Structure formats: C-alpha cells, structure tokens
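Peer 1: Below: one structure in structure tokens.
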Amino acid sequence: MVEPYLESGQSGLLREYLMSGLLVQSRIHLPGATALNVSHTKNPADVTIEQVDQPLRIPNARSRYPWGEFADNDFLFRPLQGLAIRIRNGDEITFNQADKITDSQVRLFLVGTAWGVLCHQRSLVPLHASAVACDGGAMAFAAPAGTGKSTLAAALALRGYPLVADDVCVIKRDEESGVPMLYPFPAKGMKLAADAAAKLGLTPGERLPVVGGRDKSYVHVPSVENSNEPLPLRGFYAMSEAVGPTDSFSKLAGSELISHVMANVYRIEYIECIRSIAPLAEQVFQICRHVQGYSFQISHDLKHFDGMLSMLEAHLTNPKRNPVRRSAFE
C-alpha cells in the first residue's frame, strides 16, 4: 500500500512505513512511503517520528547556532520560523510545529534533512541523488539542487527503468561481499517541478511548499516493486549544468570519483555537526571500489532533453559503445 499524495487530516493516526529498509512509526503521514497495516506488524520500530508540544532544545549541546544546535548523536535544526526538528541516536525524530506551519512543510523536512541526518547517525551513507533500476542494479544521478536529476530519473522511469530513490539515496555495504546496496526511498514517488511534470505528461499531486524558489509537486512514476529490497549500486553519474546539448560522458575513477561522491553526500555542509568525517570518508572509498563512475552535463533547455535522454539510456545499457572521455586520474 502506498500512502496517497493528499492532505490526510488524520495526523494523529499511528502509521507504519518502510523507508530505506527501516521500519518507521509516525503520526504524520509520509507521501510516497510504503505504508504497512499497523495491526499486522509485531516488530519494534527502527525509527519513531513524533510531534511534541514543548519547545525543543538539546540540554547538553556542544554548540548552538541560530539555525540549530548539536551534541553527540543529537542534532536539532530550525528550517523555518515556527518549526524545530530533533534527531537522536539514529532512531528518534521529534518535531515542534507552530500553528502557522503546515503538515506539508513538516513532511518536506522530515523526509529530507531529518532523514539524511538520521541515516548519518546510523552510519549509513546518504547521497544527494536520484536512482533508477537497470539490469538488476541501481544507477544513481547526483547533482546540485535544481540541476534536473529528479526530472531525469522520472523520464527514465517512464522508459522502463523503475525509480529506486529520489533526492536521498541511502547506501549500506553488504557485510559479506562489501558491495554497496542502495535502498528504495521513499519507495513510490518523487518531487518534480511543474514544467518538468508537464514535459513528461505526469499529473501533479500534492503541491510542496515553495523552497528556494522551486515550485514542486509529488508525482507517481513506475517504481521498483519490492520497496524493502536493496539493489547493488553499479553506476554513479555526476551531473552538471550545460549550455548546449550533451555529446559525451567522462569516466571517473580513483580520487576524482571519490571526490565527486564525497561532494554529493547528503547534507555534507553539516557533516562535522553530525558524525566523524574519517569513517565516512572510508565508507565512500569502499563504495567507489565497486562502482563505475561517469560525469556528464545536462541542459535546462527542454529542446535538448529528448536527445540527451536517448543518449543516456544507451549509455546505461552499454557504456562501452557510447562516447566516453577518460579521466586524467584514471
């Protein structure tokens, strides 16, 4: 069952979800996540999400800033005036919400920054990327916000490459093989700008609060069938903005690939407030040992989009037959 992209009006109802392979209990509904029947689940939750009435603070905070505060395994941020969210020990998210703050605004940060911080606290590696399934594995597309990674993933999903994750790609290495595994997130939906949804012929659902000037809505696209089954991460594509059409891909390897993956770790700007950088860097290094990396440019001009998409699809299925420039670090 997939949670609908509509305002629930029943925020006090306890729900259970699967998100990034974790069992989540929440009293605020989470669009796109795979909802479970709470009466049929007997295992304790991996993560709880609760609204609290009292103001949130960290009593023993090491540092305090206007935007938030933090201590060991404890991170609190205030993304909006009237909204505070606290993440503790990788298993608890609490939030305090003023009357003027909508549930849509809360959800936007719960499945974004808060979830990324929680994954860091659990020693997982969240990437700021979108991913699709291809030949039994996952291909991730990482880029700064607004570059078009979600649009690209949605277009590929419509061409037969099911969506695995949008915006946050959570990675955990298999304990036996060391292969990096990417968990579906949120499982059955994604956030897309209005013009991109129109270009792809998708019907917008619940509209998201405007953040950073970007007007987005939730949309449904074909997604992986098993929302709790991770896929091996086989490809990492670093995207950047281009003026004209894309004509080739550059292969990334060695320190250049590590640098690109590290730069796209989710909320890397807060990392020193969340976890130690050295173990994270080692995790990224181990991930890069198993992944093929490429970089390419994408144009915001929609007249180039279809050609670039066809070229990317050909590269996904057989990269050796498509134009590739070798990295100087290889």
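Peer 1: Among the residues in the stretch 253-272, are any over 18 Å from S123 (Cα atoms), among the hydrophobic types (A, V, I, L, M, F, W, C) and surrounded by fewer than 18 Cβ atoms within 10 Å (Cβ to Cβ)?
Peer 2: Yes; the residues of the stretch 253-272 include at least one that is over 18 Å from S123 (Cα atoms), among the hydrophobic types (A, V, I, L, M, F, W, C) and surrounded by fewer than 18 Cβ atoms within 10 Å (Cβ to Cβ).
Peer 1: Please enumerate the residues belonging to the stretch 98-119 that are among the small types (G, A, S) and either under 16 Å from the mean Cα position of the chain (by Cα) or assigned to a helix (DSSP H, G or I) (or both).
Peer 2: S104, G112, A114, G116
Peer 1: Right, next: Output the residues belonging to the stretch 221-233 that are assigned to a strand (DSSP E or B) and either hydroxyl-bearing (S, T, Y) or at pLDDT below 95 (or both).
Peer 2: S223
Peer 1: Additional query: Consider only pairs whose beta carbons are under 8 Å apart and that are at least six residues apart or on different chains; among these, list those whose first residue lies in the stretch 16-38 and is on the phi > 0 side of the Ramachandran plot and whose second residue is of a type in the set (A, V, I, L, M, F, W, C) and assigned to a helix (DSSP H, G or I).
Peer 2: These pairs meet every condition: S20/W115; S20/C119; G32/V111.
Peer 1: Can I ask one more? Restricting the search to the stretch 36-93, which residues are outside any strand (DSSP E or B) and among the hydroxyl-bearing types (S, T, Y)?
Peer 2: Selection gives S39, T41.
Peer 1: Mind checking whether some residue in the stretch 283-290 is among the β-branched types (V, I, T) and over 19 Å from T317 (Cα atoms)?
Peer 2: yes
Peer 1: Continuing with the same structure: Scan the stretch 150-187 residue by residue and report those that are of a type in the set (G, A, S) and in a loop (DSSP other than H, G, I, E, B).
Peer 2: The answer is G160, S177, G178.
Peer 1: Quick one: in the stretch 104-118, which of the residues that are over 23 Å from A157 (Cβ atoms) and in contact with a Leu (Cβ under 9 Å, 6 or more places away or on another chain) is modelled with the highest pLDDT?
Peer 2: Filtering first and then ranking leaves L118.
The values are calculated or read from the model by the stated rules, or taken from the named source; none is laboratory data. Predicted model, so just to flag it, every value in this text is computed and none were measured. All Cβ positions, even for glycine, are placed from backbone atoms using ideal geometry, and neighbour counts span all protein chains on display.
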